[in-house]
Amino acid sequence: MSDSRLEKLERGASALKARLPECPMIALVLGSGLSGAVGSFGEGVRIPWEEIPGFPLPTVAGHAGEFWAGEVHSKPVLVQCGRIHTYEGYSLDEVTFATRLFALLGIKVLIVTNASGAINHDLAAGDLVLIRDHINMPGENPLSGPNLERFGPRFPDMSAAYSARLRTLAKKAATEEGIDLKEGVYLATRGPSYETPAEISAFRALGADLVGMSTVPEVIVAVHAGLEVLGISCATNLAAGVDPEARLSHQEVIETTRRVGEEMWRLLLAIIDRL
Ligand code: HPA
């Protein structure tokens, strides 16, 4: 069983590799809302997910994501534009398919971005937040099932999932760019409903600063495979109940992402420049 999983991944990786102008050092995952920044990448190659064998695709018609490969500050980067989520009905194997392709391509650094709700009262909508650690609330683990030895050990250590070296580098880049970068713990839920105020109070008591519906499975798989991980979240809204009068909407998430997208992009460029 594990062999067929690996074979499928290897087929996908070799198809992707054949399309790449050079071997990327860095993979960057842009959550769906942030993918709009793709226009500013400049010259490079676009590879729609449909063109990669085995890549999980939406079953209903609609726009799937794509990769962009090219140079950012003279460094070969592979950008994943868009991501898939378990709330769409995908398995954790599918959600982390791209992450494992990165490992098979020999990529060493993974930068993940996402949108989240701000649980910590010191955070505001529109803040950029460095992810220091995470809480895997759903409890399901993308590494369950036979271990893929090709990637890493059965019981991988998660004590330093978000690289201290990369966090220091990101903070320095932010300071030099005049960007206020906060730091916090990201808690993942399964979604797709937003949380209740009682859940947010409970998550705050657990030590979470941010809540979102993605990223954690990808990070677990990346750490298992030995990638160095940096996570940056855009707090797009106050989490449920933080402002008792407010109501949450996807529209607000989209609007804040648009508003902050340019600053996020500037930060990502400054980080890549320093890698
Ligand atoms: N909760 C969960 N996921 C989110 C939120 C939120 O408040 N905002 C953006 N993604």
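Quick look at the values:
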read-out	value
The chain: calculated mean residue ellipticity at 222 nm from DSSP helix runs of at least 4, using -39500 (n - 2.57)	-10000 deg cm²/dmol
Tilt relative to the chain, helix 164-177 - C-alpha long axis, 0 to 90 degrees, to 10	60 degrees
Cα-based Rg and Dmax for the stretch 181-275, where Dmax is the largest Cα-Cα distance (Å)	14.9, 44
Test item: Cα-centred dipole of the chain, Lys/Arg +1 and Asp/Glu -1 on Cβ, debye	560 debye
Where Met158, Met264, Met137 fall by accessible area, highest first, once all protein chains stay in place (1.4 Å)	Met137, Met158, Met264
Over the stretch 85-184, relative contact order from alpha-carbon pairs under 8 Å, at least 6 apart, %	36 percent
Order of exposure, largest accessible area first, which applies to Val45, Val221 with probe 1.4 Å	Val45, Val221
Accessible-area order (highest first, 1.4 angstrom probe) of the listed residues Thr196, Thr175, Thr113, Thr86	Thr175, Thr196, Thr86, Thr113
In degrees, nearest ten, helix 2-19 long axis to first principal axis of the chain (Cα)	90 degrees
Where the chain is the region considered: accessible area per residue in Å², 1.4 Å probe	44 Å²
Whole-angstrom gap from the stretch 77-133 to the stretch 211-237, using each part's C-alpha centre	4 Å
Heavy atoms of Ser193 accessible to a 1.4 Å probe, total area in Å² rounded to 10	80 Å²
Tilt relative to the chain, helix 250-274 - C-alpha long axis, 0 to 90 degrees, to 10	60 degrees
Globularity index of the stretch 94-155, i.e. its alpha-carbon radius of gyration over 2.2 N^0.38 Å	1.46
Descending principal axes extents, the chain, alpha-carbon based, whole Å	52, 40, 39
Amide H partners (placed H, <5 Å) of Arg83, local residues excluded	Ser32
Carbon and sulfur %, accessible surface of the stretch 2-274 computed with the full protein complex present, 1.4 Å	52 percent
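The values are calculated or read from the model by the stated rules, or taken from the named source; none is laboratory data. Bear in mind that the values here come from a model prediction, so they are computed numbers and not experimental data. Backbone-built Cβ (ideal geometry, glycine too); neighbour counts: all protein chains shown. Only protein heavy atoms, including side chains, enter the accessible area calculation; ligands, DNA and RNA are left aside. Shrake-Rupley method; radii C 1.70, N 1.55, O 1.52, S 1.80 Å.
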